[in-house]
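Visitor: Here you go, one structure.
All of the numbers you see were taken from the coordinates with simple rules; none came from a lab. Fair warning: this is a prediction, and the values are worked out from it, not measured in the lab. Positions of Cβ are generated from backbone atoms using ideal geometry, with glycine treated the same way; all protein chains shown enter the neighbour counts.
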Amino acid sequence: MNADCIFCKIVNDQMPSARVYDDAQAIAFLDIAPVAKGHVLVIPRSHYDPITATPDEILAHLISVVKRVAAAQVDALGANGINVSQANGRCAGQVVPHIHFHVIPRFDGGADHEKWTSKRYTDTHEMESFAKNIRAALK
Ligand code: AMP
Ligand code: ZN
């Protein structure tokens, strides 16, 4: 636990999140500023950063959760494609220094797949309904 880290606070329920998955090593929750609605972040419970300082067994586990989340986005949201992204360092666009994988559902006809443009959920009800659908598909 890093006291200054917002993702450690989310792990420890000191900050709210729309959680879609958790296990002994990892959790997954909706990105608050999604590139597409249903955009999920997969993070380890323990604070590691960057990828080069993260143990191989943690990375292997995280990528297996990423795979399951992607399958749930296809099943629950009807995603036609998925982007997986992971940034290290400010110059790479990283804002939160606790390793995380972005899992972004993509849809046929979407024109902006090359851009990283954040969107907003209409309200917390809409956000929770996306989380609920993905959560159900992960069971
Ligand atoms: P990165 O730029 O790769 O570090 O991504 C950090 C991501 O965390 C951004 O896409 C933010 O929208 C997201 N984020 C920041 N704070 C929160 C939060 N409290 N709950 C959910 N997502 C968050
Ligand atoms: Zn942390």
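Visitor: At 0.36 nm per residue, minus the direct Cα-Cα distance, what do residue 136 and residue 75 gain on full extension? Give it in nm, one decimal, please.
Guide: 21.0 nm
Visitor: Further question on the same structure: Any lysines with Cα under 20 Å of the residue 115 Cα? List them, leaving off those in the same chain fewer than 8 positions away.
Guide: Here the lysines satisfying the reach criterion relative to residue 115 are 37.
Visitor: Using the 2.2 N^0.38 Å rule of thumb for compact globular proteins, work out how the chain stacks up: its C-alpha Rg over that value, please.
Guide: In units of the globular-protein estimate, the chain measures up at 0.99.
Visitor: Report the full-extension gain for the segment residue 59 to residue 123: residue separation times 0.36 nm, less the Cα-Cα distance, to one decimal in nm.
Guide: Computed gain between residue 59 and residue 123 is 19.8 nm.
Visitor: With unit charges on the beta carbons (Lys and Arg positive, Asp and Glu negative) and the dipole taken about the Cα centre of the chain, which residue among 76, 93, 117 sits farthest to the positive side?
Guide: Going by the charge dipole, the pick is 76.
Visitor: Same structure again: Quick check: the angle from helix 56-77's long axis to the longest principal axis of the chain, C-alpha only, nearest 10 degrees?
Guide: With both axes taken from Cα atoms, the answer is about 20 degrees.
Visitor: Can you tell me the orientation of helix 124-138 relative to the chain, as the angle in degrees between its alpha-carbon axis and the longest Cα principal axis, to the nearest 10?
Guide: Orientation of helix 124-138: about 80 degrees from the principal axis.
Visitor: Picking from 72, 53, 18, which is most flexible by a Gaussian network model of the chain using Cα springs under 10 Å?
Guide: Residue with maximal mean-square fluctuation among 72, 53, 18: 53.
Visitor: First measure r as the distance between the Cβ atoms of residue 67 and residue 108, then evaluate 1/(1 + (r/R0)^6) with R0 = 25 Å and state the FRET efficiency to the nearest 0.05.
Guide: Between residue 67 and residue 108 the formula returns 0.70.
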